[in-house]
Amino acid sequence: MSLLRSGYYGVSWIGTPLVSGYLAWRASRGREEKPRLKERKGVATAARPAKSLVWIHAVSVGEALAALTIMQAILKKYPNIHGLLTTTTVSSAKVIQKRLYKIKKITHQYCPVDTPLAVGRFLNHWQPDLAIWIESELWPNLLHTTQERGIPTILLNGRMSPKSFAFWKYIRGMLRPMLERLSLCAVQSEEQARFFKELGATTVTVMGNAKVMMSPLGVDAKKYAALKKELGGRPVWFAASTHPGEEVLVFEAHKTLKKDYPDLLTILVPRHIERAPALCELAAQEGIKAVLRTDSPSLKECELYIGNTLGEMGLFYALSPVVMMGATFVPKGGHNPIEAAQLGAFVLHGSHVFNNPQLYEILESLGGSEGLAEGKTLASRIRPWLGKPKDEYEELQGLTAYRQEGLEKLLTLLTPYLKTLREDPL
């Protein structure tokens, strides 16, 4: 065990008594689910099925949805095994739980905090036969202990920013032993392959971006029909997953477009929905009549409709012919644009797409997006779409083939590890 690894282990062990207080503090701020805090301490709230268990871990909503798509593809090919999906954030857990309502072969749990005690409890109970991490959620105690128990470990959709790569280079002594022991390190691009190889990974392959393989977001048919009827022929556009600094662009675009389209409806959903009430007040200061979705499910007498619910992004993508993708007009790196294109929305974005460059490249090659050098041109690029009523929603042509090809390639990569698992009850 390296000096850095030993130091981290020691500090995380000593700090274990503080975990309960820290989790309680987070729960008081809505960052943890109080009824499920025990899961974060490694205490399971569900029984382990008597089958081979494939465990996939993801962090936030986008990664969790990609993980769910991967897990469903695995279970379709290997129907007699069981899936365990762990996530970290409350929002991802709520979105996943909604989708798992009718799926009995996948169990969701919160990932344990990275202390030796919590990790030990988690692994003692679940005893996974295969562990898969999505992107770059590499907690040292969790990954190292899993590997020490002889459980094959795989990294899928591997990605790290240049800033993260520079950080890990300074402490590569901690990461290298874990990357060297990965059974498979499948990354998004050749650049990412270089990053991971330099940090110690030896089984590196380029798989592309798993978010292209995701199933389309769900659209509640009743809610869609109701809003579509209420919308009538009003022109509409959608600002999705916005961050501070981007809403001012939305307000300016709305006021500019309203001169030509007096009945314009702008839909806005901030990335962090707890910001929604403040945005409603800010819109009022700009002279824009805004309502929160939770205050009024109706679109009547409203010009700015602010979404503050979970699990309804698909509904708004389906309603809108054009979408401004958040985190691209400020240096946040850009959220997943594929979700919008899968539901028939054209994507406008800024220049900051470094988190998902392949996704934006694919979308542009298919004619489903346009990059804007400046936010002030937003209104002019939205305007042509307001004269094109969106009667129905359907996936951008070409994305279906990308998804199917990507999943087939991914399953081919995973087959050597999956075919060794028992498919009969243990």
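Read-outs: derived from the displayed coordinates by stated rules, not from any lab. Keep in mind that this is a model prediction, so the values were computed, not measured. Counting neighbours? That spans all protein chains shown, and the Cβs are built from the backbone with ideal geometry, glycine included.
Springs join every pair of Cα atoms under 10 Å in this Gaussian network model of the chain, and among Pro140, Pro384, Pro152 the largest mean-square fluctuation is at Pro384.
Restricting to the chain, what percent of DSSP beta bridges are antiparallel, rounded to 5? Close to 0 percent. Straight-line reach from Lys76: which aspartates and glutamates have Cα under 19 Å away, leaving out those fewer than 8 places along the same chain? The reachable aspartates and glutamates, counting only those whose Cα sits under 19 Å from Lys76, are Asp129, Glu405, Glu408, Glu423, Asp424. A crude spin-label estimate for the pair Glu361 and Lys102, with each label 7 Å from Cα along the Cβ direction, gives 3.8 nm. Each label was represented as a point 7 Å from its Cα along the Cα-to-Cβ direction; for Lys77 and Asn124 these points are 3.5 nm apart.
Comparing Arg275, Arg29, Arg159 in a Gaussian network model of the chain where C-alpha atoms under 10 Å apart are linked, the largest mean-square fluctuation is found at Arg29. The local environment of Leu407, defined by Cβ-Cβ distances under 11 Å, has a net charge of +2 under the rule Lys, Arg +1 and Asp, Glu -1. Subtracting the Cα-Cα distance of Lys419 and Glu405 from 0.36 nm times their residue separation leaves 3.0 nm of extension gain. Dividing the summed -39500 (n - 2.57) terms of all DSSP H runs of n ≥ 4 by the residue count of the chain sets its mean residue ellipticity at 222 nm at -12500 deg cm²/dmol. Spacing of the modelled spin labels on Glu281 and Thr412, each 7 Å from Cα toward Cβ, amounts to 5.6 nm.
Given a Förster distance of 51 Å, report the FRET efficiency between Phe354 and Thr16 from their Cβ-Cβ distance, rounded to the nearest 0.05. Walk me through the intermediate numbers first.
Working: r = 36 Å, r/R0 = 0.71.
Result of the calculation: an efficiency of 0.90.
Among Leu319, Leu175, Leu411, the largest mean-square fluctuation in a Gaussian network model of the chain, built with springs joining Cα atoms closer than 10 Å, belongs to Leu411.
Computing FRET efficiency as 1/(1 + (r/R0)^6) for Ser183 and Lys228, where r is the C-beta to C-beta distance and R0 is 41 Å, gives about 0.30. For Glu395 and Trp25, a Förster radius of 41 Å and the Cβ-Cβ distance give a FRET efficiency of 0.45, rounded to the nearest 0.05.
Classify region 210-304: rounded, prolate or oblate, from the alpha-carbon gyration tensor (a ≥ b ≥ c, eigenvalue square roots; a/c under 1.5 rounded; otherwise prolate if a/b is larger than b/c)?
oblate
When the pairs Lys211/Lys409; Lys332/Lys390; Lys163/Lys197; Lys258/Lys300; Lys77/Lys104; Lys197/Lys419 are compared against a 19 Å limit on Cα-Cα distance, Lys332/Lys390; Lys197/Lys419 fall above it.
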